[in-house]
Amino acid sequence: MSTAVAASLPLLDLSRLDGGQAERTVFLTELRLAARDIGFFYLAGHGVDSQLLDQVQRLSREFFALSDAQKQAVAMINSPHFRGYNRAASELTRGQPDWREQFDIGAERAPLPQTERTPAWTRLQGPNQWPAELPGLKPALLRWQAAMTAMSLRLLRAFAEALSLPADAFDPLYGDKPNEHIKLIRYPARNQTGSSQGVGAHKDSGFLSFLLQDRQKGLQVEVEEGHWTDAAPVAGTFVVNIGELLELATNGYLRATVHRVVSPPAGADRLSIAFFLGARLDAVVPLFELPPALAAQARGPASDPRNPLLRDVGWNYLKGRLRSHPDVAQRYYPDIPALL
């Protein structure tokens, strides 16, 4: 791929799935190529209510405007499920601090019963924390979570078709308990932090990631080794990228691409809201048999030797959480230091 080709991310329109067969076929081909060649694209026509998106962005800004004491009342250190608020520089990427404050929300489920034989990753399931001072946040985010899950599962089925697999090929991996993860993120200006690392270079775990951006750019995609391109905000779209689970499941045919966020310039901040769709925690990722023509183009999953991929979803997800949040790991998971 030349850098000229990857000067900007492709834009796909999900509503074309509802067109005639010819239009649907073109969309599936464009989806497959975008996911294989770049691993990132803009998604329009997604059908998620624009008023809901505006509400979620407004409430997110209201959350970050709360006092530090109010935000600390729902700090992640209170949650063995890795839910809640973190100050800027609390989360690490490859051992370096990320300069973003954030609020993490997962699926609202009851904790799983624990015994001496229960795998540690089962502790990831549990309730969220919600700020008492912002009662509208919970219903809005849970509504958005449901809308994003429905839309992303539709897109995941389109991926299966694009790979000439049965449309429901990925269904057993998420079942009735997909790993739904929302992250509200505010990036302060770099003159306030002394660092340009909003988020260090990394790949996302899970199936698919969706990013709702405000007007301030910052996300960059490594389309080729050493070559970064801006994923500038495009109104009415999500930025979508492939997670490592899909790369693993397709033997590297689909591409989980390295990306990063640079801190905003002086006098600015940046708000982004991410939704991550992952497999259910008790799933094991298989290797799907692609048609010979596609299988011949698979490059194999590019696992980081410092952070190897695991096909056991729960352990893979827990490993990432422990490395990103060592304070939570020390408090609730002292029995599994080998994953740190």
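One table, with the values for the structure above:
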{"quantity": "Virtual spin-label span in nm between ALA150 and GLN70, 7 Å along Cα→Cβ", "calculated": "3.1 nm"}
{"quantity": "Net charge, LEU92 excluded, C-beta distance under 9 Å - Lys, Arg +1, Asp, Glu -1", "calculated": "0"}
{"quantity": "Charge dipole magnitude, Cβ of K and R +1, D and E -1 - the range 79-145, Cα centre, debye nearest 20", "calculated": "160 debye"}
{"quantity": "By average C-beta atoms within 10 angstrom, highest first, the peptides 136-148, 19-31", "calculated": "136-148, 19-31"}
{"quantity": "Total lysine pairs under 24 Å (Cα atoms) in the chain, excluding pairs fewer than 8 apart on one chain", "calculated": "11"}
{"quantity": "For the chain, built as a Gaussian network whose Cα springs stay under 10 Å, the top-fluctuating residue of SER196, SER164, SER50", "calculated": "SER50"}
{"quantity": "Where labels lie 7 Å past Cα in the beta-carbon direction, separation of ALA201 and ARG24 in nm", "calculated": "4.1 nm"}
{"quantity": "Global geometry of the range 236-340, whether rounded, prolate or oblate, following the gyration tensor of its Cα atoms and the 1.5 cut on a/c", "calculated": "oblate"}
{"quantity": "Of the DSSP H helices in the chain, those whose Cα atoms cover at least 15 Å axially and whose Kyte score averages 0.0 or more", "calculated": "137-162"}
{"quantity": "Of all DSSP beta bridges in the chain, antiparallel share, percent nearest 5", "calculated": "90 percent"}
{"quantity": "Approximate spin-label separation ALA44-ARG143, in nm, with each point projected 7 Å along Cα-to-Cβ", "calculated": "2.6 nm"}
{"quantity": "Within a Gaussian network of the chain (alpha carbon springs, distance under 10 Å), most fluctuating of LEU153, LEU112, LEU173", "calculated": "LEU112"}
{"quantity": "Whole-Hz ³J(HN,Hα) from phi, Karplus 6.51 cos²θ - 1.76 cosθ + 1.60, for the range 168-177, glycine and proline x", "calculated": "9, 4, 8, 3, x, 6, 10, x, 9, 9"}
{"quantity": "Net charge contributed by nearby residues that have their C-beta within less than 14 Å of ALA147 (K/R +1, D/E -1)", "calculated": "-1"}
{"quantity": "Hypothetical label at ALA296: residues of the range 236-264 whose amide nitrogen lies under 17 Å (7 Å Cα-Cβ projection)", "calculated": "253"}
{"quantity": "Integer Hz, Karplus 6.51/-1.76/1.60 couplings in order for the range 329-335, x for Gly and Pro", "calculated": "4, 5, 6, 10, 10, x, 7"}
{"quantity": "log10 of Debye I(q)/I(0), alpha-carbon scatterers only, for the chain at 0.07, 0.09 Å⁻¹", "calculated": "-0.27, -0.46"}
{"quantity": "For the range 187-202, Karplus couplings with θ = phi - 60° (6.51, -1.76, 1.60), whole Hz, Gly/Pro x", "calculated": "9, x, 4, 5, 6, 8, 10, x, 9, 9, 7, x, 9, x, 4, 6"}
{"quantity": "Rounded Å value of the spacing that divides the Cα centres of the range 170-246 and the range 254-294", "calculated": "6 Å"}
{"quantity": "Net charge contributed by nearby residues that have their C-beta within less than 9 Å of GLN216 (K/R +1, D/E -1)", "calculated": "+1"}
{"quantity": "GNM flexibility winner over the chain from ASP312, ASP269, ASP18 (Cα, springs under 10 Å)", "calculated": "ASP18"}
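None of the figures in this text is laboratory data; all of them are computed from the coordinates on show. Treat the numbers as computed from the prediction; the structure is a model and nothing was measured. Reconstructed Cβ throughout: ideal geometry from the backbone, glycine too, with neighbour counts over all protein chains shown.
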